[in-house]
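Asks: Sharing a structure below in structure tokens format, with a few things to ask.
The values are calculated or read from the model by the stated rules, or taken from the named source; none is laboratory data. Not measured: the values here are computed from a predicted model. Glycine gets a Cβ as well: all are built from the backbone with ideal geometry, and neighbour counts include every protein chain shown.
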Amino acid sequence: MMKALGTDAAEDLAQSSDEALMSRYRDTGRVEDFNALVHRYQRELYRYLARYLGDQALAEDVFQNTFLQVHLKRGLYEDGRPVRPWLYSIATHQAVDALRKVGRHPTLSLDQRVNSGEPDAGNLVDLLVSGESGPLAELQGQERAEWVRASVARLPETLRQTLILAYHQDLKYREIAEILKIPVGTVKSRLHAALAKLQQMAQAANREGSD
């Protein structure tokens, strides 16, 4: 039977930062610190993985593997390193590996907004429609969403991965940069390139529909 934490110990866990918990777990292996991190990120990270993978059972497996990697790699954690993007980096790599094994591509949530503070950030479908006539303007609801999903699946891996990270979660450009280990400027350029390619696909589809 698991021993309940005392009030002081529970308060200490609640008030400790993610970074403090991870540093302490690295140094002491105290299971309470590890469990506290799992609890903090359970809903957020699972939702991300479920959207990314499009499969709840696979998302649960990848979530478990993510924290197994956290346990195995705890000795590599450096004091002060932001834990949130580090966890996302591990989760994303685990998700990519899982998708490779089943021969599938990531899915994309189309109604999420980029929390980047940038003026060009917004709803992906809104950005692609942009008030012009074309397949996206003519399609409605689920048909439009399916068109975008199919088009996103055709993007190069680097552009698709950056786009998915940006539109799935409440991640800043700098957090995406740390997850993918690329400069912030590269994150922005990849997002712009991905959107430009999707616009080109829409224009090409419109021309084909007009012929």
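Asks: Of all the residues that make up the stretch 172-204, how many are closer than 18 Å to Q94 by Cα and out of contact with any helix residue (DSSP H, G or I) (no Cβ under 6 Å at 6 or more places or on another chain)?
Replies: 2
Asks: Just checking, how many residues over the stretch 162-182 are modelled with pLDDT of 80 or more and surrounded by 15 or more Cβ atoms within 10 Å (Cβ to Cβ)?
Replies: 13
Asks: Name the single residue, out of those in the stretch 183-199 being under 13 Å from P156 (Cβ atoms) and among the charged types (D, E, K, R), that is surrounded by the fewest Cβ atoms within 10 Å (Cβ to Cβ).
Replies: K197
Asks: If you don't mind, another one. Residue by residue through the stretch 19-46, note down the ones that are within 25 Å of the chain's Cα centre (by Cα), touching a residue at least 24 places away in the same chain (Cβ under 8 Å) and farther than 17 Å from G80 by Cα.
Replies: Those that are within 25 Å of the chain's Cα centre (by Cα), touching a residue at least 24 places away in the same chain (Cβ under 8 Å) and farther than 17 Å from G80 by Cα: V38, Y41, E44, L45.
Asks: Now a separate question. Go over the candidates S151, S109 one by one and state the one that is surrounded by 14 or more Cβ atoms within 10 Å (Cβ to Cβ), modelled with pLDDT of 75 or more and among the small types (G, A, S).
Replies: After ruling out the rest, the residue left standing is S151.
Asks: So which pairs qualify, if the first residue must be in the stretch 170-197 and touching a residue at least 12 places away in the same chain (Cβ under 8 Å), the second must be aromatic (F, W, Y), the Cβ gap must be under 8 Å, and the two must be at least 6 apart or on different chains?
Replies: L171/Y88; E175/Y88; E178/W86; I179/Y88; V187/Y173; K188/Y173
Asks: Can you list the helices (runs of 4 or more DSSP H) found entirely within the stretch 4-87 that contain at least 1 residues being touching a Ser or Thr at 6+ places or on another chain (Cβ under 7 Å)?
Replies: 31-53
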